[in-house]
Amino acid sequence: MTNDKLRILSGIQPTGRLHLGNLIGAVENWVELQKEHDCYFFIADYHALTTSYADTKNLKDDIRQVAIDLLAAGVAPEKAVLFKQSDVPEHAELHLLLSMLTPLSWLERVPSYKSKIEELKEKDLGTYGFLGYPVLQAADILIYKAREVPVGEDQLPHLELTREIARRFNNLYQDIFPEPKAALTRFPLLPGTDGRKMSKSYQNTIAISDPPEVVGKKVGVMVTDPARVRRQDPGHPDVCPVYQYYKIFAAKRQETVAKECRAAARGCVECKKELAQILNEYLAPIHAARIELEKEPKLLENILKNGAQRARLVAAATLAEAKQAIGLA
Ligand code: SF4
């Protein structure tokens, strides 16, 4: 990696298998970004604890599976630095330092704070760690002095908070942290099988590791145009989640599908069968790569270890600079 490349940082939480929404909204973008930029991609295991601290029995396996998913989907360790967040303790230490100067009111006004508590009602999220997770996110970004962060629209307030925290640090002590810019991803939202945003919390995901028969079953029960009750009723593709998938995964077919749907010349059952086949073809190379990676646990371990070592070179230098500026060195 040369220093004149734009440095980009992005992470993903290991809260279960990666799904098509993650693939389209984040990972495919990572695969493109790593071709041109100095990329740091991490498995955000500390972040997973902010909502799942009470049940960590699957955490180790989830981390492994997410690493396999990322590599199988094309994240390449020779092009990008791939690591596990907790292997780079500088994230936690900078988080601590930034938490000293972040006003409580900034955190309480983050829109996702209240909405997520509402969404995950079954969990006790009245914790210090959950309120402070945007500060941890700021530390993740600032520790690499990342200039750009690929985000979906729902993440923009968090990034704005990171910029504010960077400004506050720079004003209080010394100008160390650049304010990162948002690089909006192409397809931020993919509907889940129930039509809401695809999310593990809603149990409406199609995992990228789902075998073809599972993909077929999940697509088979997807919601469609609610006004289309009988086969002979003309459909409205623009309100149909199945059609959204055609737009993303089979752009060449979208016009024909829309036309046939509106003319009631295609039924929803056949439309879904065709979509399942398209998705399975799309996922086939990822599944083949997963099988190979599953056979090599040592290789996986080494990739993450090596990634953490490379990440720490940058993170330790930034942390030292921040401590010096504060007067702790
Ligand atoms: S035919 Fe396809 S696009 Fe039209 S409503 Fe049915 S599933 Fe949706």
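Values quoted throughout were computed directly from the atomic coordinates according to the rules given, and no laboratory measurement underlies them. A quick note: this is a predicted structure, and the numbers were derived from the prediction, not measured. Using ideal geometry, Cβ is built from the backbone for each residue, glycine included, and neighbour counts are taken over all protein chains shown.
Output ³J(HN,Hα) for region 242-255: one whole-Hz value per residue in order, computed from phi by the Karplus curve 6.51 cos²θ - 1.76 cosθ + 1.60 with θ = phi - 60°, and x for Gly and Pro.
The phi angles translate into 4, 5, 4, 5, 4, 4, 8, 9, 8, 4, 5, 8, 4, 5 Hz.
From zero up to wherever the largest Cα-Cα distance of the chain sits, split into 10 Å bins and tell me the percent of pairs in each.
Per 10 Å bin, starting at 0, the Cα pair percentages come out as 5, 24, 31, 23, 12, 4, 1, 0.
Can you grab the distance from the C-alpha centre of region 206-226 to the C-alpha centre of region 10-30, Å, no decimals?
Region 206-226 and region 10-30 have Cα centres spaced 18 Å from each other.
In deg cm²/dmol and to the nearest 500, what is the mean residue ellipticity at 222 nm of the chain if only DSSP H runs of at least 4 residues count, each as -39500 (n - 2.57), divided by the residue total? Display every interim value, and only then the final one.
Numbers: 14 runs with 172 residues, N = 329.
Counting only the DSSP helices, I get -16500 deg cm²/dmol.
Can you bin every Cα-Cα distance in region 1-58 into 5 Å intervals starting at zero and give me the percent of pairs per bin, rounded to whole numbers?
Histogram of Cα-Cα distances, whole percents per bin: 4, 17, 23, 19, 16, 12, 7, 3, 1.
Order of 158-169, 131-142 by packing, highest average Cβ count within 10 Å first? Numbers along the way, then the final one.
Numbers: 158-169: 19.4, 131-142: 24.2.
Highest mean packing first, the order is 131-142, 158-169.
Is there a quick way to get the dipole size of the chain? I mean about its Cα centre, with the Cβ of Lys and Arg at +1 and of Asp and Glu at -1; what is the value in debye to the nearest 20?
Details: 44 positive and 43 negative charges, 111 e Å.
Approximately 540 debye in magnitude.
Quick check on my link table: of Lys35/Lys114; Lys200/Lys273; Lys116/Lys218, which ones sit more than 29 Å apart, alpha carbon to alpha carbon? Working shown, then result.
Details: Lys35/Lys114 37 Å; Lys200/Lys273 24 Å; Lys116/Lys218 25 Å.
Long pairs (Cα-Cα over 29 Å): Lys35/Lys114.
Quick one: what Rg and Dmax do you get for region 1-127 from the alpha carbons, in Å?
16.1, 47
Cβ neighbours within 10 Å, averaged per peptide: list 64-74, 216-226 in order, most packed at the top.
With the highest mean Cβ count within 10 Å placed first, the list reads 64-74, 216-226.
Report the Cα-based extents of region 210-290 along its three principal axes, largest first, to the nearest Å.
Dimensions of region 210-290 along the principal axes of its Cα atoms: 42, 24, 17 Å.
Positive end of the dipole of the chain, charges at C-beta (+1 Lys, Arg; -1 Asp, Glu), about the Cα centre: which of Pro103, Leu82, Pro285 has its Cα farthest in that direction?
The Cα lying farthest towards the positive end belongs to Pro285.
What value in Å³ per residue do you get for the convex hull of the alpha-carbon atoms in region 140-267? Each step should come with its number before you reach the end.
Details: hull volume 17.8 nm³, N = 128.
Enclosed volume per residue, from the Cα hull, is 139 Å³.
Starting from region 52-118, pick out the GluC sites (Glu not before Pro) whose DSSP state is loop and whose Cβ has at most 16 other Cβ atoms within 10 Å.
Values: sites: Glu78, Glu90, Glu93, Glu108, Glu118; in loops: Glu78.
Sparse-neighbourhood loop GluC sites (Glu not before Pro): Glu78.
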